[in-house]
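Heads up, the thing below is written out as structure tokens.
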Amino acid sequence: MIVKEGTVHAAAESLFLTQTAVTQRLRLLEKKMNTTLFIRSRTGMLLTPEGEQLHRYCQQVSEMGGTVLASIQGAGVVSNIRIKIAGPTSMMRSRVIPHCQAVMNELPKLHLSFLIDDGFDISHQLKSGAFDVAILRPEQITPEMDSKPLLPEHYLLVCSSKWKHRTLLDIISNEKIIDFDQEDQMTFSYLKKYDLLHAIQPERHFVNNTESIAQLFIAELGYGVLSQEFAERYIQSGELHVINENKAYLSHSSLAWYPRPEQPHYFAAILHAIR
């Protein structure tokens, strides 16, 4: 401030301090640095060579600090930032990726990594820090996480369209369920809701890819549940047939993340976009 104003008196007025207070602080700084920073002249306070060096250093630090702060505050707009999101095929394909497109267009420096994972519990992806946001079931969300309930998915019981003339009881009694893996309980939950578990075959086929599950249904190798959003294109194309009178099972899930005291704009935009 002394450099800017030219005199101790003017600097003191700008800082709302007394001249004595400014002089004392200057003397303390000079003592700590063991050098003289200013000399008095008729035109005011002039920097010594040592003072000029310190002034240049302070300017550089100030400019650097401003650049760093602008970079942090402008992450996703003026500086690159990456956010990683994990979730099941149906939610990622029908909601997360489409909903994030507007945010990606708005923030050209925001880079997103999408992991499609149909595992029963992917909370470890979030807990390990491998991903910033994950789609979890309500019971998988722990107290230290923040979360946002998403619109429930409607799961339908489907099979090959070539079985459309067969009865529901005939299909579930004589054909095998096809699920993601041993932990996948979605088809069982559907059948339990409609009191159909008593009639099913005890053994299941497993394939850990939702697209492949649909293809096995189409190939008449079994039946099971798919989310309506995922199955719709196969239903419209006539490859899959919905059984049990189009009755649905609602599956609830939430967007989960670890809290950030000062939530960045780009992060809030992502959370707001996904529904």
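The values are calculated or read from the model by the stated rules, or taken from the named source; none is laboratory data. Just so it is clear, the structure is predicted and the values come from calculations on it, not from any experiment. Glycine gets a Cβ as well: all are built from the backbone with ideal geometry, and neighbour counts include every protein chain shown.
Data overview
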{"quantity": "Answer residue from the range 111-160, given it is more than 15 Å from the chain's Cα centre (by Cα) and in a helix (DSSP H, G or I) and is nearest to Tyr249 (Cα to Cα) among those", "calculated": "Pro138"}
{"quantity": "Candidate set: the range 167-193, residues that are of a type in the set (Ser, Thr, Tyr) and closer than 25 Å to Thr89 by Cα; chosen: the one surrounded by the most Cβ atoms within 10 Å (Cβ to Cβ)", "calculated": "Thr187"}
{"quantity": "Residues (closer than 30 Å to Lys247 by Cβ and surrounded by 13 or more Cβ atoms within 10 Å (Cβ to Cβ)) located in the range 129-142", "calculated": "Ala134, Ile135, Leu136, Arg137, Gln140, Ile141"}
{"quantity": "Search result, residues across the range 235-245 that are outside any strand (DSSP E or B) and closer than 17 Å to Met186 by Cβ", "calculated": "Ile243, Asn244"}
{"quantity": "Residues of the range 47-76 classified as surrounded by 14 or more Cβ atoms within 10 Å (Cβ to Cβ), of a type outside the set (Asp, Glu) and modelled with pLDDT of 60 or more, total", "calculated": "5"}
{"quantity": "Some residue of the range 163-181 being in a strand (DSSP E or B), more than 30 Å from Tyr266 (Cβ to Cβ) and of a type in the set (Lys, Arg)", "calculated": "no"}
{"quantity": "Residue within the range 94-102 that is closer than 22 Å to Pro259 by Cα and surrounded by 20 or more Cβ atoms within 10 Å (Cβ to Cβ) present", "calculated": "yes"}
{"quantity": "Residue that is modelled with the highest pLDDT [pool: residues in the range 17-43 that are surrounded by 15 or more Cβ atoms within 10 Å (Cβ to Cβ) and closer than 16 Å to Lys4 by Cβ]", "calculated": "Leu26"}
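Quick grid of which residues meet (1) out of contact with any helix residue (DSSP H, G or I) (no Cβ under 7 Å at 6 or more places or on another chain); (2) surrounded by 17 or more Cβ atoms within 10 Å (Cβ to Cβ); (3) not assigned by TED's automatic domain parsing to the domain that holds Ile200:
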| site | (1), (2), (3) |
| --- | --- |
| Leu107 | no, yes, yes |
| His111 | yes, no, yes |
| Phe114 | no, no, yes |
| Lys127 | yes, no, yes |
| Glu144 | yes, no, yes |
| Lys148 | no, no, yes |
| Leu157 | no, yes, no |
| Ser161 | yes, yes, no |
| Lys164 | yes, no, no |
